[in-house]
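What follows is a set of notes on a single structure, which appears directly below.
Read the figures in this text as sums done on the coordinates, not as results from a lab. Everything numeric here is computed off the predicted structure, so don't read it as measured data. Positions of Cβ are generated from backbone atoms using ideal geometry, with glycine treated the same way; all protein chains shown enter the neighbour counts.
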Amino acid sequence: TEETINKKIPLKKAILAINEIAKRCGVNGVVGGQVVDILSENKKIDFTTLEYIHTHKTGALILASIKVGLYLSKTTKRDFKNLTKYGECIGLAFQIMDDILDIEGDFNKLGKKIGADEAKNKNTYPSLIGLARSKEILNELTNTAISKLKPYGEKANFLKNFALYLSSRQS
């Protein structure tokens, strides 16, 4: 019989899930993104570096959450591909929205000072490509994420609404 971590989860799937969490949290994930972010303060960086930072912070944790669910469930290659792309898009969208909220947000809703990124001379999407283009990319990412859910119809409404929430949140 196949080894299992419990009665329902095969050991191989559990290892893939654990590896995903470790990868997205460690030096190739959140830790790495945060290090590059800190080292980039007060320096001009290119768009590729900024995208690396943004996809390796909270976005990495969002993607890990989705991929762990995929590893532990019965899923097809198509589902894995679609939902991974969904996770990548909403993860990056989350970070871009953070950048936008740092400019347009409300202190009472955010619970943090507006303009903190600019005060720290942090590289953000708006500081690199402007607020309008940042909003366009945010919308493109949200639309791409939602398009990956079309094969699932109404069963994916929660994920669709989650993507819409992340791109319009106020805190």
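Give me Asp37, Asp106 ranked fewest to most by other Cβ atoms within 10 Å of their Cβ, as a rough exposure proxy.
Ordered from fewest to most neighbouring Cβ atoms within 10 Å, Asp37, Asp106 come out as Asp106, Asp37.
Measuring against 31 Å, Cα to Cα, the residue pairs Lys12/Lys81; Lys109/Lys160; Lys43/Lys148; Lys8/Lys155; Lys23/Lys74 contain Lys43/Lys148 as the ones spanning a longer distance.
Report the full-extension gain for the segment Arg133 to Ser65: residue separation times 0.36 nm, less the Cα-Cα distance, to one decimal in nm. Please list the in-between numbers first.
Numbers: separation 68, 0.36 × 68 = 24.48 nm, distance 2.82 nm.
Stretched fully, the Arg133-Ser65 segment lengthens by 21.7 nm.
The Lys77 and Leu11 beta-carbon pair, evaluated with R₀ = 35 Å, returns a calculated FRET efficiency of approximately 0.95. Nearest 20 debye, what's the magnitude of the dipole of segment 61-171 about its Cα centre given +1 on Lys and Arg Cβ and -1 on Asp and Glu Cβ? Dipole magnitude for segment 61-171 comes out near 580 debye. Screening the chain for whole DSSP H helices with an alpha carbon extent of at least 18 angstrom along the helix axis and a mean Kyte-Doolittle hydropathy of at least 1.0 yields 58-72.
Mean residue ellipticity, 222 nm, helices only, the chain: the sum of -39500 (n - 2.57) across DSSP H runs of n ≥ 4, divided by residue count and rounded to 500, is -21500 deg cm²/dmol. Under the simplified labelling scheme, the Asn42-Cys25 pair shows an inter-label distance of 3.2 nm, with each label point 7 Å from Cα along Cα→Cβ.
Start at zero, step by 5 Å, and the Cα-Cα distances of segment 51-96 spread as 5, 26, 31, 19, 12, 6, 1 percent across the bins.
Under 19 Å from a label point 7 Å along Cα→Cβ of Ser171: give me every residue in segment 116-140 with its amide N that close. It comes to 116, nothing else. Stretching the chain fully between Lys85 and Glu140 yields a gain of 18.5 nm (0.36 nm per residue, less the alpha carbon separation). Of the residues Asp99, Asp46, Asp117, the one with the fewest other Cβ atoms within 10 Å heads the list, and the complete ranking is Asp46, Asp117, Asp99.
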